[in-house]
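For reference, the structure is listed below as structure tokens.
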Amino acid sequence: MTIFIDATGYAMIRPLFSFYVLSFNLGAVALSLLMIMFALMQFIFSPILGRLSDKYGRRSLLLISISISSVSFLLFTLASSYWMLLLSRMISGMATEIPIAQAYMADITTSKNRTSGLGKVRAAFSAGVIIGPSMGGLLSVFGYWSTGLLAILLTIINLISVYFFLPEPNVEKKEISMQISQKHIFTKNLKNAFTKPLLPFLLLILFVMIMAFSAIPVLIPLIGIEFFNFNEIELAFVFMIIGGFQFVTQGFLMGKLSQKFGEGILIIVGIIFVIIGIFWMPIFPILIIFYILVALLSTGGGLVRTSIPSLISKISGEDEQGGFLGLAQSVVSFAFIPGPLLAGFFYDYIDIAAPFFFSSLLLLGSLILSIKVYFQIKKL
């Protein structure tokens, strides 16, 4: 419920960014910069908050993270210039509920049902992504400030809910030496990652996959407006489809699929789905094909984004899960820095199709590495 409410607020404002940027007479590069600064802040703060949650508890850090989100929504509501909008995204990036929630779920699940549990975390996020865009799109007719105001209200509800109803996981916490330095924590987590089987390869797959996939939040709104003349409500519907397929995949299918096929196969299949969706999207400007490709992208992304954290948690110690899952979130955030920037540059200055083809090429490399990981898993 915590992640669902948080994701709903996030998803309410997400479809509005492209229209917001266009209202300032700016293009794809400016939209990419919003994504990049959010990702940069996530890269800096995810390992810090994840590691702090290992020491001080998941609940306390969730409260801090949600409070940070409320400040970002306030700035979005008051934004009268592109720079205020950019500042709101930077502050939003300092919040990092997902890796903390994943660590919470890892605390209360066994190795056997962990993939299913982590799938429910991602499904809660996806459920918010289903509902949020419709609410944001409908409210946008009154002005973007109205969407931001409701997002603030949701964060207040979330704070109250976590404070009164979410208990701290009943697990033994080991004493962990802390130095509140992003560089120290990230370096230490990365160094420890190389002592774990498969973890460096999983992080590399995640980096390459997200770098390619990170073009999508920039490109889908722009290509929707360019090809189909979408308005705010129609674009919100696209994000609802994305959330819907990820919700079904992560909330209902991941547990059974992981038990039957294993995470290694699911990562491979997920990357293949994303490659198909990205490569063909600019080739066929036909609405029904566009929605089919969006569905493939959503399903594939859901498979990969759930399977990799599940494998990471299974090869981590109980006192390391928050740190390693925070490290994975930092890898995701770091991949979002070059991805949107290249996508925006290619889109504005080369060709509409160029960023899609570039992302497909990157994903081929990730696919090859994921096949290597699959055969290594078989040997364990």
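Data overview
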{"item": "Matching entry among Tyr104, Tyr56 (being within 17 Å of Leu166 (Cβ to Cβ), of a type in the set (Phe, Trp, Tyr) and surrounded by fewer than 19 Cβ atoms within 10 Å (Cβ to Cβ))", "result": "Tyr56"}
{"item": "Pairs, first on the phi > 0 side of the Ramachandran plot in the range 14-40, second buried (at least 23 other Cβ atoms within 10 Å of the Cβ) and among the hydrophobic types (A, V, I, L, M, F, W, C), C-beta under 7 Å, six or more apart", "result": "none"}
{"item": "Residue within the range 129-144 that is surrounded by 18 or more Cβ atoms within 10 Å (Cβ to Cβ), farther than 15 Å from Arg14 by Cα and either modelled with pLDDT of 70 or more or out of contact with any strand residue (DSSP E or B) (no Cβ under 9 Å at 6 or more places or on another chain) (or both) present", "result": "no"}
{"item": "Breaking point among (1) modelled with pLDDT of 85 or more; (2) in contact with a Leu (Cβ under 9 Å, 6 or more places away or on another chain); (3) surrounded by 17 or more Cβ atoms within 10 Å (Cβ to Cβ); (4) within 26 Å of Ile5 (Cα to Cα), for Tyr163", "result": "(3)"}
{"item": "One residue from Pro282, Pro340 being assigned to a loop (DSSP other than H, G, I, E, B) and either surrounded by 21 or more Cβ atoms within 10 Å (Cβ to Cβ) or over 14 Å from the mean Cα position of the chain (by Cα) (or both)", "result": "Pro282"}
{"item": "Any hit, the range 108-126, residues being buried (at least 19 other Cβ atoms within 10 Å of the Cβ) and within 15 Å of Met12 (Cβ to Cβ)", "result": "yes"}
{"item": "Odd one out for Asp351 among (1) of a type in the set (Asp, Glu); (2) touching a residue at least 24 places away in the same chain (Cβ under 8 Å); (3) not in a helix (DSSP H, G or I)", "result": "(2)"}
{"item": "Residue in the range 303-324 that is surrounded by the fewest Cβ atoms within 10 Å (Cβ to Cβ), counting only those that are at pLDDT below 75 and not in a loop (DSSP other than H, G, I, E, B)", "result": "Gln321"}
{"item": "Counted residues, the range 43-53 - those being of a type outside the set (A, V, I, L, M) and surrounded by fewer than 24 Cβ atoms within 10 Å (Cβ to Cβ)", "result": "2"}
{"item": "Residue ID - surrounded by the fewest Cβ atoms within 10 Å (Cβ to Cβ), chosen from residues in the range 19-36 that are polar (S, T, N, Q) and over 23 Å from the mean Cα position of the chain (by Cα)", "result": "Asn25"}
{"item": "Test for Phe230: is it modelled with pLDDT under 90, of a type outside the set (Gly, Ala, Ser), buried (at least 18 other Cβ atoms within 10 Å of the Cβ) and touching a helix residue (DSSP H, G or I) at 6+ places or on another chain (Cβ under 6 Å)", "result": "yes"}
{"item": "Odd one out for Ser72, checked against (1) closer than 26 Å to Ser134 by Cβ; (2) modelled with pLDDT under 80; (3) among the small types (Gly, Ala, Ser)", "result": "(2)"}
{"item": "Total residues in the range 209-266, condition under 23 Å from Pro340 (Cα atoms), in a helix (DSSP H, G or I) and not hydrophobic (A, V, I, L, M, F, W, C)", "result": "8"}
{"item": "Flag for Ser23 being closer than 17 Å to Ser88 by Cβ, touching a helix residue (DSSP H, G or I) at 6+ places or on another chain (Cβ under 8 Å) and of a type in the set (S, T, N, Q)", "result": "no"}
{"item": "Only one of Lys196, Lys120, Lys183 that is at pLDDT below 70 and of a type in the set (Lys, Arg)", "result": "Lys183"}
{"item": "Any hit, the range 283-293, residues being farther than 18 Å from Pro217 by Cβ, in contact (Cβ under 8 Å) with a residue 12 or more places away in the chain and hydroxyl-bearing (Ser, Thr, Tyr)", "result": "no"}
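The values are calculated or read from the model by the stated rules, or taken from the named source; none is laboratory data. What you see is a predicted model; the values in this text were computed from it and never measured. Note that we place each Cβ from the backbone using ideal geometry, even for glycine, and neighbour counts take in every protein chain shown.
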